[in-house]
Amino acid sequence: MSAMRSRTRRAQRGVALITAMIIFALAMILAADVVRRSYLDQRRASNLLTLDQGFEIALGAEAWAADYLARDKRESKTDHFGEVWAKQLPPLPLDNGGTIQGRIEDLQGRYNLNNLIAADGSPDPDEVKTLEQLLRILRMDTKWAAMIADWLDTDTQPGFPEGAEDSEYTSQTPPHLAANMAITRVSELMVMPGFSLENYRLLAPNVTALPRTTSQPTKINVCTAPGPVLDAMRGENEQEYSINLEDLAKRRADQCFPTKKDYLDTVDDGPKKTALEKRITDSSDYFRATVWVSIGTSEFTLYSLLQRGGSANPNGGGTVRPILRSIGTE
């Protein structure tokens with residue numbers, strides 16, 4: 001009897017030991033989970049704080065860019081790459097140990113894709129021809145001009161022979177509809193069937209998506225327009241611009257080149273020259289400010305489309321306001 005009670009006590013102690021070990025293991029698991037969750041919460045809070053800091057710092061840089069562009073409007077009648085706004089801001093240190101850098105780009109030196117649509121919402125044949133010529137110079141398929149125009153126009157009937165409307169896009173994966181309205185980003189072209197990343201990289205440096213504030217197409221700044229755009233604006237029957245891209249960059253280092261007069265002198269007198277004169281300018285109203293903020297292991301990028309208005313004060317500086325912001329990607 002005594003031996004049985006002894007075995008029972010030993011068995012009970014064994015069960016108690018195993019139970020204690022299980023409870024200890026569960027406690028360790030719970031403790032580890034609490035530590036892990038606490039670490040993740042701290043990281044999330046830190047990342048959110050860093051992003052908030054980055055956003056506020058970027059907004060400050062955006063305001064600085066807007067103020068600088070307003071001052072430039074007062075001091076200069078033309079906009080070209082020799083001006084200070086066109087110089088990229090190198091990385092500058094921040095008080096919190098991070099860095100900030102930025103740049104301003106003249107978007108009015110690029111062909112505005114929203115020019116493809118006339119005031120009544122239908123494709124503008126002359127503008128479609130201009131884009132076809134630009135595509136030809138870039139060695140891209142000219143069919144994209146008609147497809148882009150169909151993407152933008154207000155009707156749902158595909159243009160002939162290269163147009164594409166809802167019937168084409170609803171068969172894609174995932175299915176979607178055509179925009180049938182002005183676009184805000186060139187990257188929207190990536191949703192068109194067959195428009196590859198290679199096509200985008202070729203076309204993007206030469207085109208933009210600016211709002212149409214009047215019934216007239218947005219004018220192109222000849223001082224900052226890329227060579228292919230200068231060639232395309234003159235029409236497919238004209239010879240290519242005589243200055244190669246390397247010489248063009250050198251001549252633009254500290255001045256407007258070509259001037260409006262120099263550019264127009266490459267076209268014979270007549271209706272074509274008169275029409276071209278109405279489509280070009282040597283000053284700009286639309287710029288993009290890009291700001292990169294780096295804090296620790298976090299990076300924040302802000303793209304701001306800035307619109308510079310006309311004279312709105314006694315000093316003739318006008319106003320500059322952001323009309324579109326994009327975070328992370330263009």
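Remark: for residue pairs 219/250; 87/129; 87/273; 87/261; 77/250; 87/143, the C-alpha separation exceeds 28 Å in 87/129; 87/273; 87/143. Beta-bridge orientation, the chain: approximately 90 percent antiparallel, per DSSP, counting only bridges with both partners inside. For the stretch 17-82, the set of chymotrypsin sites (Phe, Trp or Tyr not before Pro) satisfying both a DSSP loop assignment and a count of at most 10 other C-beta atoms within 10 Å is empty.
Quick check of the Kirkwood formula: for the stretch 111-213, what is the inverse mean of 1/r over all pairs of different Cα atoms, in Å? Evaluated over the stretch 111-213, this radius sits at 13.6 Å.
Protection proxy ranking, highest mean first, for peptides 247-253, 139-145: 139-145, 247-253, where packing is the per-residue count of other beta-carbon atoms within 10 Å, averaged. Label reach from residue 200 (point 7 Å along Cα→C-beta): in the stretch 94-132, amide nitrogens under 18 Å belong to 113-114.
Note on residue 154 and residue 71: with the Förster distance fixed at 25 Å, the Cβ-Cβ geometry gives a FRET efficiency of about 0.05. Under a Cβ-Cβ cut-off of 12 Å, what is the net charge of the residues other than residue 58 that fall near it, where Lys and Arg count +1 and Asp and Glu count -1? That works out to -3. Modelled this way, with points 7 Å down the Cα-to-C-beta line, the labels at residue 48 and residue 84 are 4.0 nm from one another.
Throughout, read-outs are computed from the coordinates displayed, never taken from laboratory work. The shown structure was predicted, so the numbers you read here are calculated from the model rather than taken from an experiment. Quick reminder, even Gly has a Cβ in these numbers, built from the backbone with ideal geometry, and neighbours come from all protein chains shown.
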